[in-house]
Structure formats: structure tokens, C-alpha cells
Amino acid sequence: MAKRTPEIDPSQPIPIYFQLKTLLLEDILGGRYDGDGRLPTEHELCDRYRISRTPVTRALSELAEEGVVLRHRRRGTFVNPHWRRPPAGKPEVRIVVSEGPWGRMLRDAASGRLRINLVTVPRPSLRQVLMHSVAEGQAPDLAILDSVWVSEFAAAGFLRPIEDIDGDWVQQEYERDFLPPLVRANRYGGRTYGVSAFADVAGLWYRRRELERVGVSPPTTWSELRSVGRALARGGAKRPIVMPGGSQGAETTAYCLIAFLASNSAAVLDGDQVVLDSPATVEALRFLRSLVEDGSMPAEVVAYEWDRSTAMLAEGQVAISFGGSYEAAGLADALGVPLAELWEHVGFLPAPAGPRGTPSCAAGTMSYGIFSQAAQPRVALDLLRLAVDPEALARIARSTGRIPARRSAVRLADPGFPFLLQTEEMLERAVTRPATPSYARVSAQLQSMLETVLTGRLKPAPAAGRTAELIGAITGLPVAHAAATRRPARVPVSR
């Protein structure tokens with residue numbers, strides 16, 4: 001006889017959403033969804049319990065916030081396999097990763113050696129899932145995280161210093177072979193809290209044939225970038241240059257902006273003070289605004305999502321796009337060419353030099369971290385060391401174009417693969433995003449600053465000053481303001 005579906009009683013003082021949440025939790029604990037872990041859809045739950053969608057959505061959202069379930073866009077809602085610890089006597093490494101090669105790397109490393117319990121969550125939900133897992137006392141042993149979260153998580157005590165697990169490995173292998181910007185990005189208070197497998201840099205993608213068509217070379221200075229933009233516009237290009245230019249571009253906007261600021265020797269933080277409000281920053285913002293004013297860059301970039309600029313480059317709608325080196329494999333797929341042949345069609349450069357600086361790029365990386373709540377920290381580190389073995393990294397680099405975090409892996413990947421060698425050289429000189437526990441909010445202010453300047457809502461100087469003050473309030477650091485008597489360097493502007 002089929003089991004009768006429990007009913008929800010609207011006449012009870014208990015809210016409908018809470019009644020449903022309790023029923024779902026009982027089903028999960030009772031093993032009803034032990035197969036593939038998939039829960040019914042919102043529509044199915046509405047039909048089953050004869051209730052509206054609002055309480056269904058709230059019940060599932062609260063279960064997700066509490067770490068009981070994971071919600072995947074277009075795939076459905078699933079029981080979080082990490083919500084309950086495995087039975088005693090069966091140790092395993094519990095892992096959380098996002099989309100990308102991260103899970104496959106660990107599965108390959110663990111094959112035949114270790115037992116792992118791995119769950120993949122959508123990249124936009126990753127930080128929230130990790131924060132909730134810590135709050136519930138159910139943090140994984142090992143997880144992938146954006147390196148800009150390392151300071152925040154370390155300051156909060158979420159992560160375990162790698163030196164406390166194996167200091168010899170840090171000194172003898174990690175510090176000697178891993179690229180210096182990535183080592184710096186994974187440190188907080190002089191200790192190592194993360195290990196990178198791959199890296200990327202923010203710079204400038206360009207279509208070789210489009211530049212050749214109008215008879216110009218790839219730009220290495222702001223003046224050359226302006227000249228290239230004007231030449232492309234005269235040649236009929238509607239959108240010569242694009243970039244993620246606002247909050248819709250999220251972290252990619254801040255990432256590209258930090259690289260462009262560095263090209264004029266501007267920065268957000270320097271030591272223990274906020275230095276964003278400087279003549280170099282104002283000049284950089286003024287130059288980007290002037291690209292919009294003279295038609296080299298459309299004002300609509302403020303509404304671009306993080307991957308829109310590079311997608312337009314692949315589609316042939318633009319000739320130059322600010323973006324990250326991690327987009328190489330996606331570009332090759334969009335152009336329908338093997339990765340090894342991508343460089344015949346596109347090129348990648350640092351952000352062109354401003355009047356005060358040199359060509360620059362910003363380094364970014366996803367990092368593996370071992371949590372303080374880890375039940376198996378030593379086993380987790382052993383697994384991580386296998387995953388970042390130079391041969392393993394080189395194999396993935398050959399198929400994805402990702403830049404290995406280790407010098408030895410870059411050499412092994414393919415001496416004839418110029419993009420890896422070129423971007424490794426760029427990485428050696430790259431700036432990193434500000435190392436602060438408040439980086440997520442700092443990034444949001446940088447995104448807003450660029451958007452207000454590109455739309456003309458604020459002029460560059462007040463935008464830089466206002467943003468510096470907000471970042472100072474967020475971080476608690478003093479703000480160094482631009483000297484009013486300092487004469488700015490000459491910056492190319494539209495005529």
C-alpha cells in the first residue's frame with residue numbers, strides 16, 4: 001500500500017512554509033531521497049501539498065541557507081551530501097568545489113588511494129555555502145575558494161595554516177616552485193592559508209585580423225589604444241573596445257579595473273592605508289570615460305555581465321576586449337578552433353601603459369583551503385599535494401589553456417605553447433587584488449566607481465575621492481587623499 005502524503009494544515013498557527021520545511025526535513029532524514037538526492041520541483045511540491053509557490057520557495061530557500069540542500073539553476077534541488085557527517089569508523093575527505101577542473105583534479109588524485117565525499121556547487125553560491133557550512137559546524141575538510149576570500153576566511157579563523165600541517169612542504173616545495181604572486185595572494189598575517197593550482201591574469205584580448213585590417217599594431221600604451229580604437233571606428237567597427245564596466249560584471253569588473261589602474265601606477269591599498277584617491281587613479285578613470293565620449297567604447301558596457309565582453313570578441317562584434325586569460329578555452333570553443341591554434345586568431349596583452357606606468361596585469365586564482373573544522377587535515381593536504389603535482393597540472397594545462405601555478409608545470413605543459421610561457425612571464429610581474437578581509441565589499445565599491453564614471457554620473461576626481469572614503473570606512477584604514485597642488489600628468493583625451 002502506498003504511503004499517504006502528509007498534509008499541511010493552513011488552519012494551524014504554524015506558518016505553511018515551516019510545515020513544509022519540517023516535512024521535507026523528515027523525508028531527508030528518513031532517507032526518502034537517498035538515490036540521486038533530488039527533491040521534487042517547486043511545481044511538484046505545490047501540487048503534492050496543494051499550496052502556493054511562495055511558501056514552497058521560502059521552505060527550500062531556508063533549507064539551502066542552512067546547508068541541508070543545494071539548489072542548482074536549471075537542474076533542481078538536491079540533498080547536500082555534506083549535511084551529515086559520515087558514520088564513525090569510516091574516515092573520508094569531505095570536499096566542496098565549484099564548476100571547473102577542481103573536482104576532477106581531486107578525484108584523479110584520490111583514485112585508488114583515498115575515499116572522498118565531493119560536492120559541486122554553482123560558483124555564485126560557493127562563498128555562501130562555505131560560510132553556512134562553517135556556521136553549522138559542518139565545514140568540509142578541503143574546499144576551493146577565490147583567493148580574495150583567503151584573508152577574510154583566515155581572519156575569521158575558518159582556515160588552518162598549511163604550515164601547521166606540514167611546514168617542511170611549504171618551505172621546500174611550495175615557496176620555491178609556486179609563482180610568487182600566487183604565494184602572496186594565499187597568505188594572511190605571514191602564514192599560508194591556501195594553495196593555488198592554476199592562475200589567470202586580467203589583460204587585453206584582441207582579434208588579430210581586425211587590427212591587421214585597419215593597419216595598426218596591438219597597443220602597448222594608452223595613446224596607442226586610443227589610436228587603435230579610432231582606426232577601428234573609422235573602419236566601420238561599431239564597438240571597437242569593450243570591457244565589463246559596472247556592477248553587472250561583478251568581480252570581473254573590479255579585476256579588469258585593478259589591472260588598468262596598475263598600468264598607471266595606481267592602486268587601491270598600499271600597506272595600511274587606502275591610496276585610491278590619487279592623480280594616477282583620476283587619470284585612469286578620465287581616460288576610460290574619454291573612450292566612451294569619442295565612440296571607441298559604448299556606454300552600454302556598464303550593463304555587461306562578466307563574460308559578455310569576451311563573448312562579443314568571439315562573435316566578431318568587437319576587436320578588443322578587457323578580460324581574463326582564463327577565457328582562452330571558451331574563446332577557442334566559440335571560434336571553433338583547437339586551443340593550440342587560438343593564438344593564430346587572437347592575442348593577449350597586459351593593460352597598455354599609462355603616462356605614469358608600464359604595461360600591467362592583475363593576477364587572480366582559485367585556491368584550495370583546508371578548514372579549521374577539518375576532521376582529516378593531514379589526509380586533506382596529502383590529497384592536495386597529489387592534485388597539484390607538476391605532471392597533473394601540466395596535463396590539464398594542455399587541454400584547457402589554464403596557467404599552472406608552478407613554474408615546473410609550465411615547463412612541462414608544452415615548450416611550444418607560447419600562451420602559457422607568455423602569461424607566466426606576465427604573472428611574475430602582476431599585481432594582486434587587495435588583500436583584505438573586506439575585499440568583497442571593496443570590490444563592489446570599485447565596480448560602482450567605474451560605472452558612475454562611465455555613465456557620467458560623477459566626474460573622475462569626486463568618484464575616486466568618494467570611493468576611497470567608502471573603502472576606508474569598510475576596511476577601517478586611513479585614507480591618503482590626492483594633493484590638491486599636485487599637477488596631473490598629461491592624459492590623452494578625446495577631441
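The values are calculated or read from the model by the stated rules, or taken from the named source; none is laboratory data. None of these values were measured; they are calculated from a predicted model. When we count neighbours, we look across all protein chains shown, and the Cβ atoms used for this are built from the backbone with ideal geometry, even at glycine. With ligands, DNA and RNA removed, areas are computed over all heavy atoms of the protein, side chains included. Shrake-Rupley method; radii C 1.70, N 1.55, O 1.52, S 1.80 Å.
Computed values, structure above
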item: Unit charges on C-beta of K, R, D, E only; dipole of the stretch 96-155, Debye; result: 240
item: Estimated inter-spin distance, Q317 and H345, nm [label 7 Å along Cα→Cβ]; result: 1.7
item: Options A482, Y193, L126, ranked by Cα towards positive dipole end of the chain, top entry (Cβ charges); result: A482
item: Theoretical FRET efficiency, 1/(1+(r/R0)^6), r = Cβ-Cβ of R466 and D333, R0 25 Å, to 0.05; result: 0.05
item: Separation between Cα centres of the stretch 298-361 and the stretch 108-153, rounded to whole Å; result: 30
item: Carbon + sulfur, % of accessible area of the stretch 158-304 - ligands and nucleic acids excluded, 1.4 Å; result: 42
item: Simple Cβ-charge dipole of the stretch 195-297, Lys/Arg +1 and Asp/Glu -1, about Cα centre, in debye nearest 20; result: 780
item: Of [x] 49, 21, 20; [y] 42, 30, 19; [z] 42, 28, 24, the label for semi-axes √(5λ) of the Cα gyration tensor in Å derived from the coordinates; result: [z]
item: Per residue accessible area of the stretch 177-250, 1.4 Å probe, in Å²; result: 38
item: Extension reserve of the S111-D414 stretch, reckoned as 0.36 nm per residue once the Cα distance is removed; result: 106.5 nm
item: Residue-span extension gain [A155 to R398] - 0.36 nm each, minus C-alpha spacing; result: 83.9 nm
item: Surface accessible to a 1.4 Å probe, per residue, for the residues of the stretch 292-422, Å²; result: 36
item: Over the chain, relative contact order from alpha-carbon pairs under 8 Å, at least 6 apart, %; result: 21
item: The stretch 378-429 versus the stretch 213-230: alpha-carbon centroid distance in Å; result: 32
item: Within the accessible area of the stretch 328-412 (1.4 Å probe), percent carbon and sulfur; result: 52
item: Computed [θ] at 222 nm, deg cm²/dmol, the chain (DSSP H ≥ 4; -39,500 (n - 2.57); rounded to nearest 500); result: -12500 deg cm²/dmol
item: Cα-centred dipole magnitude for the chain, charges only on beta-carbon of K, R (+1) and D, E (-1), debye, nearest 20; result: 820
item: Fraction of antiparallel bridges per DSSP, the chain only, in percent to nearest 5; result: 70
item: Phi-based couplings in Hz for the stretch 46-57 (Karplus 6.51, -1.76, 1.60; Gly and Pro marked x); result: 4, 5, 5, 9, 6, 10, 7, 6, 4, x, 5, 4
